[in-house]
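Take a look at the structure below.
The values are calculated or read from the model by the stated rules, or taken from the named source; none is laboratory data. Predicted model only: the values in this text are computed from it and were never measured. Cβ coordinates were reconstructed from backbone atoms using ideal geometry, including for glycine residues, and neighbour counts include every protein chain displayed.
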Amino acid sequence: MQTKRWIVSISLIIIVIGAIWVMYVKHPSTIDVKLIGVKYQLGYEDVKSGIEPATVIIQGKVHTSLKRERIFKGVVRIVGEQIPVPQDQRNIEIHFSRDGWGSTAYPYFLYDERGTTVGAEIYQSHSIFANKDFSQVTFLITTPNQQSESEDGNLQTVWNTENGKMLSAPATTREEALALSNKLMREYLKPYGKSLR
């Protein structure tokens, strides 16, 4: 009788673990969105300055790991943006932190004319904040003048809440874009003690 109870208990644990696995890992949500938004600069007193239309295309799958980490695998593209990553290596995996941001970093291989691998690079792109179904996104845009050399000689990106460049979608005005950014970045901005403006 004792053995039977033990077998039933183990079976229930296996079923629960299996259900969690299926719910969070095996059944990711499909993301396929095209969002129209705006790029803008923080810190401008004239709110019409530095605003330009932008389109973002996001296609892939998102799931939550057993550690409750949100993970996206697929393509994130800002229309018209040129990046040095070969077209066939632009699939990325984004792991979102507890305060909501994810890094869009592209590891890729370099080949010679014979197709032999001659090196590997990582292109560090923008940081992204997104709601659950990626129907609302905000990017902290990396620009060349925000890169500086760290103590170990590597390039690092310096973005700040005073004059950083942003892309928010969907939005048609700077006011809508800022409201969306402050909503998606609420946890990230808590240590700064202020909202974006």
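Couple of notes before you dig in:
- When residues in region 97-130 are screened for being part of a strand (DSSP E or B) and in contact with an Asp or Glu (Cβ under 7 Å, 6 or more places away or on another chain), 3 of them pass.
- Residue within region 22-32 that is modelled with pLDDT under 95, hydroxyl-bearing (S, T, Y), out of contact with any helix residue (DSSP H, G or I) (no Cβ under 9 Å at 6 or more places or on another chain) and assigned to a helix (DSSP H, G or I) present: yes
- With respect to being in contact (Cβ under 8 Å) with a residue 24 or more places away in the chain and not in a strand (DSSP E or B), D133 fits the description.
- For region 158-197, the tally of residues that are under 11 Å from V38 (Cβ atoms), within 18 Å of the chain's Cα centre (by Cα) and hydroxyl-bearing (S, T, Y) stands at 2.
- Of all residues in region 166-197 being among the polar types (S, T, N, Q) and not in a helix (DSSP H, G or I), the one that is surrounded by the most Cβ atoms within 10 Å (Cβ to Cβ): S168
- Residue match in region 140-151 (condition: within 26 Å of T30 (Cα to Cα) and either part of a loop (DSSP other than H, G, I, E, B) or at pLDDT 90 or above (or both)): yes
- Applying the set (1) at pLDDT below 95; (2) touching a Pro at 6+ places or on another chain (Cβ under 7 Å) to E45 leaves exactly one unmet item: (2).
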